[in-house]
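Read the figures in this text as sums done on the coordinates, not as results from a lab. Predicted model, so just to flag it, every value in this text is computed and none were measured. Here the Cβ positions follow ideal geometry from the backbone for every residue, glycine too, while neighbour counts run over all protein chains shown.
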Amino acid sequence: MAKISFLWHMHQPCYFMNDGTLSMPWVFLHAIKDYYDMPFLAGEYNIKSTFNITPTLIKQLSIYEQKKEKADLFLGLWMREPIYLSENERKFVIKMCKSLPYRTMVKPLERFAELYEQNNYTDSELIELEILFLLAFCGNYLRKNDKVVCDLLSKQRGFSQADKYRLIGSLLAFIPKVLNIYKEFAEEGKIELSTTPFAHPILPLLFDANIAKEADSSIVLPNGIISLKDDAQLHIIKALELFEGKFGFKPDGLWPAEGAVCENTLKLYKQYGIKWVATDEDILKKSLNLPDKKAIYKAYDYSGIKVVFRDKYLSDGIGFRYHSVKVQDAISDFFSVVDKLGSDDVAFVILDGENAWEYYEDNGEGFLSELYQTLNEKGIETVSVGETEVNNELSSLKPGSWIFANFNTWIGDKQKNRAWELLFNTKRDYLRHKNKLDKKTQDEIDTLFLKAEASDWFWWYGKGHHSKHEAEFDELFRGNLIKIYELLDIEAPAILFEPIADNATLEALILEPKNFVYPMVDGKVSSFFEWLGSGMIDEALTYSVIDTSLKPIKKIFYGQNEDWVFFRFDGDVENLKRKGVLSVYSDAFKKPIRLRVYRAVFSDFIQIAAYEIIELAISKRLIKGDIASFRFEFEINGRVVQVLPGLNQLTIKLNRDFSHNWFV
């Protein structure tokens, strides 16, 4: 008889703000609803499962244990009486309370359904709404075993601020039990625990984002890709350290974030002692060029590491379909597949352990109980992923994820690519200054990069997925990068203060060169015609009202002729021409060019002059290759006051043919 191997992926994005508190409440809310209930219910039916606990979840649950109600903005607002909330805070509370699925979480609580229909609330009604929101999130274990929760559910309505204090206090006291049940069950052999690289990154894209082209040849990649392999390794190292610190042992296996794999990342996992990884069936079918899924019910060996493949139909059935049908119909559908499997087959059922259940009645307890009971009645053995035996060798592995066996969910459209470009640019700027920093600051910046590399931000950008909280996710992503510049003591590029979701047309701020230019490098606009046909980047239009720093350069003009590449910087250049220093970085140089703006240079290779504007010319003899990318830093008194361009590196094709633009 076939076996079933469940892997429940327990994860939340990293919601840490710079002050160490959390901006969003989802770790807390799923902790009281799902993270305890899932292993508890499996234990009630003696169902052997694997639970994949991500490092970001471990870390954030620990914050709630330490800081209690001060752990996140949400609890801070819920603890206050409504009379003391500002208008924006009140709107946020109401927005949160109305973010739940109505049928399964609002409607079952009669008073919640009544209040849900309103648009305006008295202070007493808002207290009721807040408490009912928390009660709706309470899982079945709390509803049956927590006295405060039981009392308030019985009370139904007419709640007070004192009731709210009691409820929050009881829920916070419950939080430490969540990770303890996993540790206890793992030690007893009831479950297996695995983890994911530290901040839940798409590790193949960090290793080399060009891998996305191998998974889908039609994808449009971001500009300026650099390898973040060192960060990929650090994600693994920090994940294993955090996991061992919490549970007392290292995990044998990993669910790579979003099941994203490639051959290089599997080899990297093996280096760090990982014995197995799991991914999606479509990866196996592409790797073996198979038309059907018969081969997915085995474990494979790839270069000394075990790889298993999720059954998409069964896993997605639980995750996306079964909540909309009767429990018995869902169970029948599940076993219509399982009953046909061979005696040596193992069906790997792998999915999120928290996100599906809010769409089920009674948080999925009825469905899971019936599923587990049927498995027991049929005598079908459940095993952890680590217990499965390798049956076959896999000589090659195609790159991809659980979504369409490619990486398009996280890279490839304008918004997603913009986020990657900002990440790559920030990394380049950091590496140029890294050696000036002490070890503590380097470690802080490394951690911020790991947070910024989380898959979750790229998931919500652009096409594919949408959330009422996209603005908050966007702010968290950019906040990590802005903090890096603060630690570098460099003014962050203005573009980082603009929401990425609003920047889909920022390319319009860049005008491409139309012809060769022949300016006189004298720091003046000597003639209207000398820069005619040049390219232009309007830096001022990328500035945000949130970015309060005064950046001197407003526009960059650029161009070339047969012998030189030219750059012109317009804006408030008074301080720069008296005490500024310009550093020019390019992949075409052996080392950066560093120039005192206040000292004119007219050599055979470099020319610079500053007066009304700053003009710079670089001989093409200094530049290797046909394409060169440039980045500029202006310093005053040893501090970088502006990094340019703010959008991206400035890439120039040196052999460009402008003949199609000629006119007479």
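Considering every pair of different Cα atoms, what Kirkwood radius, in Å, is found for region 506-661? Don't jump to the answer; show the numbers that get you there.
Working: mean 1/r = 0.0632 Å⁻¹.
The Cα-based Kirkwood calculation yields 15.8 Å.
Using +1 on the beta carbon of Lys and Arg, -1 on that of Asp and Glu, and nothing else charged, what's the dipole of region 143-286 about the Cα centre, debye to 20? Could the numbers behind the result be given before it?
Numbers: 20 positive and 20 negative charges, 159 e Å.
Using Cβ point charges on Lys, Arg, Asp and Glu, region 143-286 gives about 760 debye.
Considering all alpha-carbon pairs of region 14-178, what whole percent are spaced by more than 22 angstrom? Of all Cα-Cα distances in region 14-178, 44 percent exceed 22 Å. Computed over the Cα atoms of region 313-388, the ratio of the radius of gyration to the Kirkwood radius (Rg/Rh) comes to 0.95. Annotation: peptides 2-9, 330-337, 168-175, 436-443, ranked by per-residue average of other Cβ atoms within 10 Å with the highest first, follow the order 2-9, 168-175, 330-337, 436-443. Structural descriptor for the chain: relative contact order 14 percent, calculated from alpha carbon pairs under 8 angstrom and at least 6 residues apart. Annotation: for a label point projected 7 angstrom from Cα along Cα→Cβ of residue 605, residues of region 564-588 with backbone N closer than 16 Å are 564-565, 584-588.
Here r is the Cβ-Cβ distance between residue 40 and residue 381 and R0 is 25 Å; the resulting FRET efficiency, rounded to 0.05, is 0.75. With both residues required to sit in region 179-330, DSSP beta bridges show an antiparallel share near 25%.
Subtract the Cα-Cα distance of residue 463 and residue 574 from 0.36 nm times their separation in residues, and report this length gain in nm to one decimal.
On the way: separation 111, 0.36 × 111 = 39.96 nm, distance 4.42 nm.
Additional length available on full extension: 35.5 nm.
Once both labels are positioned 7 Å from their Cα atoms along Cα-to-Cβ, the gap between residue 374 and residue 218 label points is 3.7 nm. Dividing the mean sequence gap of close Cα pairs (under 8 Å, 6+ apart) by how many residues region 506-661 holds gives a relative contact order of 22 percent. Starting from one equal scatterer on each C-alpha and no solvent at all, send me the Debye-based log10 I(q)/I(0) for region 414-499 at q = 0.11, 0.17, 0.25 Å⁻¹, two decimals. At q = 0.11, 0.17, 0.25 Å⁻¹ the computed log10 ratios are -0.30, -0.67, -1.28. Counting only Cα atoms, the size of the chain along its three principal axes is 87, 65, 50 Å, in decreasing order.
Measure nothing but the geometry: give the 0 to 90° angle between the long axis through the Cα atoms of 470-488 and the longest principal axis through the Cα atoms of the chain, rounded to 10°. Between the helix axis and the principal axis of the chain, the angle is about 50 degrees. Between the alpha-carbon centres of region 100-132 and region 570-606 there is a gap of 62 Å.
Arranged from fewest to most other beta-carbon atoms within 10 Å of their beta carbon, 418, 166, 639 become 639, 166, 418. The phi torsions of region 372-387, fed into the Karplus equation with coefficients 6.51, -1.76 and 1.60 and a -60° offset, translate into couplings of 5, 5, 5, 4, 5, 5, 7, x, 7, 7, 9, 9, 6, 4, x, 7 Hz, rounded to whole numbers, with Gly and Pro shown as x.
Cβ neighbours within 10 Å, averaged per peptide: list 182-192, 310-320, 258-268 in order, most packed at the top.
On the way: 182-192: 16.8, 310-320: 19.5, 258-268: 22.2.
Descending packing order for the listed peptides: 258-268, 310-320, 182-192.
What is the sum of charges around residue 322, taking Lys and Arg as +1, Asp and Glu as -1, for the other residues whose C-beta is under 10 Å from the C-beta of residue 322? Walk me through the intermediate numbers first.
Values: positive: 321, 326; negative: 316, 329, 333.
Local charge sum for residue 322: -1.
From least to most packed, judged by other beta carbons within 10 angstrom and beginning with the fewest, 453, 389, 486 follow the order 389, 486, 453.
Would you mind counting up the charge near residue 148? Only other residues with Cβ under 10 Å from its Cβ, with Lys and Arg at +1 and Asp and Glu at -1. It works out to a net charge of -1.
Counting only alpha carbon atoms, the long axis of helix 229-247 and the longest principal axis of the chain meet at about 30°.
Of all beta bridges that DSSP places with both ends in the chain, some 65 percent have antiparallel geometry. Among 198, 137, 497, the order by Cβ neighbours within 10 angstrom, fewest to most, reads 497, 137, 198.
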